[in-house]
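Read-outs: derived from the displayed coordinates by stated rules, not from any lab. Please read these numbers as outputs of a predicted model, since none were measured by experiment. When we count neighbours, we look across all protein chains shown, and the Cβ atoms used for this are built from the backbone with ideal geometry, even at glycine.
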């Protein structure tokens, strides 16, 4: 049974943030999780990844029971928010990419030559080979995000989960990151699930949406079905205006972009 199945999933930290959510994430689809702060976006993906235990419900990966733990989670990789990393991190960019293999290594097993070659291949694929020996802390925000994506890719996942990968970087870097994810999705067949706040940036790339609101509200479906003025206004609690343009819709809250 292909894909990730969420069945009546309730998530939170003691008190539910999201209740009885069901969804099917197929391999090769590009999903985003959106909604206001505190609605449970990061908690949801951390629950799917096994970082946070669910309150109730089931998680199936490739047909295997993975609600709490299972070998199938090796097919999932995670790119956390940048706040999870120290700005004084002493490792090189290559070291950070190789660290994506650490959970798979056996006790006392060391990084091998072929592991380094594989890391460098992914860095070349992501146009990072020139910064392989540079300190991670000295890279630009956009380069750091791409290094962390390479770190997620080195473990041969089927799905990549990202928590706000474009936050804190300039518009050009944000666009490059999204174009990279789109290429991994379309050309390499990776499933992508990304938490984001910026609907305007992601519209052209995504297939499906999980729209989360306060009080456990949520809507799931294709972007054309979910991202409309009525649902967005209901979820965000303020009037949201959707303006159609030749480049796709623009989402506005009052005089601000959503």
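Tabulated results
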read-out	value
Cα radius of gyration and Dmax for the chain (Å)	18.5, 57
Percent of Cα-Cα distances greater than 16 Å, calculated over region 1-95	60 percent
Exposure proxy order (Cβ contacts within 10 Å, fewest to most) of 78, 205, 159	205, 78, 159
Fewest-first sequence of 129, 46, 223 by Cβ atoms within 10 Å of each Cβ	129, 46, 223
For 51, 209, order by how many other beta-carbon atoms lie within 10 Å, fewest first	51, 209
Percent of Cα-Cα distances greater than 24 Å, calculated over region 120-258	38 percent
Expected 222 nm ellipticity per residue - DSSP helices of 4 or more, -39500 (n - 2.57), all of the chain, to 500	-8000 deg cm²/dmol
Alpha-carbon Debye profile of region 148-219, log10 I(q)/I(0) at 0.16 Å⁻¹	-0.61
